[in-house]
């Protein structure tokens, strides 16, 4: 039987040779061996091979491999260093995680920092409010004579001097008597998105906000929505407070995760330092 | 009969004498397996020593059962490590140069023996050399099966315990290894009378 004989037969013959075949398989194979000369020859060759291997010399070990007391003591001390790889790995992992936590903070902070900046600095709206001419100054500059009253546009919409209508802030300027070519000087700036107070703010009831628009009923209010200095100041203060509150809330939201991240970074740094130090001292002992 | 489990448990508690008794009990078997696997007595001695040192260092991982199987698994793993190391960094042994060795020997030395008797042939060093040479030509996994089953007479279950290899794999590896050895040792097989095995087995 050559090597091209099916592997299964080799396995069966080999197992049969070692007495490892179960009864049904054994009987089947024995029946085949009686009929098949090639199979019988193959089995005989396997028997001879096994016999030759059985006569392989048993070599005596050249020396004793027992351990001396000194060797045993030395080996026992090295047993304590089996934590070295674990500690080293922990230190490396903690360092990597700490770096990751720092990067996370750097990624988060660009969101928080501009919010903090905007909360501390006046916004465009606030600046425009501050720069808006006060009724006081207008009154001071006003001529002594009673100004000519002009009903301009729809009552309640101030501004003027422009093709666009400015809504409700600042109020229109007075027109000097006899002057026909200067209209609406000192009018409010054009605000594309009219400022509106958030509806969820219950602390500022609508009644407390002074109305800057002229009375629609009789048209006898101030010209083009211009109010007195106290009213303007009070209104501006209310709006600025509201804006500042909104920005402060947004800033707080951005800063929520930062304290936890700091603690995580600190914890990881401690773990990395402690495990790294222990691992290093162990390694030094081994090197001695 | 030595109680290997009791000795192993004592060794685990720090009893060096108990460990050394176990070493003395199994060192010949361990060395023989290492020698057949590595084909070099010095490398085998080193591997055996390393294996027993590793066994002592890792006594805490011994979970009862056959200490022999546990330690033989360490021995075989050490041999595999050594074989891998040799493969990575092959070395050329420094052999003494003998006169008349300039000519290339086409056939192994054991083929020169013309007509030895079966008995003398079985005890000859030529057969020993031939077996070792044939073993070295085989894959490591197949070699280990032949060493344990055919040379050391272990049964399949014992081999499975010693190596962690499943029984089915042992059967197939052994069959293929024997088929290879059958061709490799053909010269010696032909010297054996056809019915030699039965007589030999009967006399033993």
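Values in this text are rule-based calculations from the coordinates and carry no lab data. Source: prediction; values computed, not measured. Reconstructed Cβ throughout: ideal geometry from the backbone, glycine too, with neighbour counts over all protein chains shown.
Would you mind ranking B:134, B:184, B:79 by Cβ crowding within 10 Å, fewest neighbours first?
Placing the least packed residue first, the sequence is B:184, B:134, B:79.
Ranking A:49, A:232 by Cβ neighbours within 10 Å, fewest first, what do you get?
A:232, A:49
Which length gain, in nm to one decimal place, applies between residue A:106 and residue A:25 when the Cα-Cα distance is subtracted from 0.36 nm times their residue separation?
Full extension of this stretch gives 21.9 nm more.
In which sequence would B:36, A:63 go, from the one with the fewest C-beta neighbours within 10 Å to the one with the most?
Lowest count first: A:63, B:36.
Mind checking A:38-50 for the average number of partner chain beta-carbons within 10 Å of each residue's beta-carbon?
Per-residue shielding by partner chains comes out at 5.
Over segment B:2-57, calculate the relative contact order: mean separation of alpha carbon pairs under 8 Å at least 6 apart, over the residue count, as a percent.
Across segment B:2-57, relative contact order equals 23 percent.
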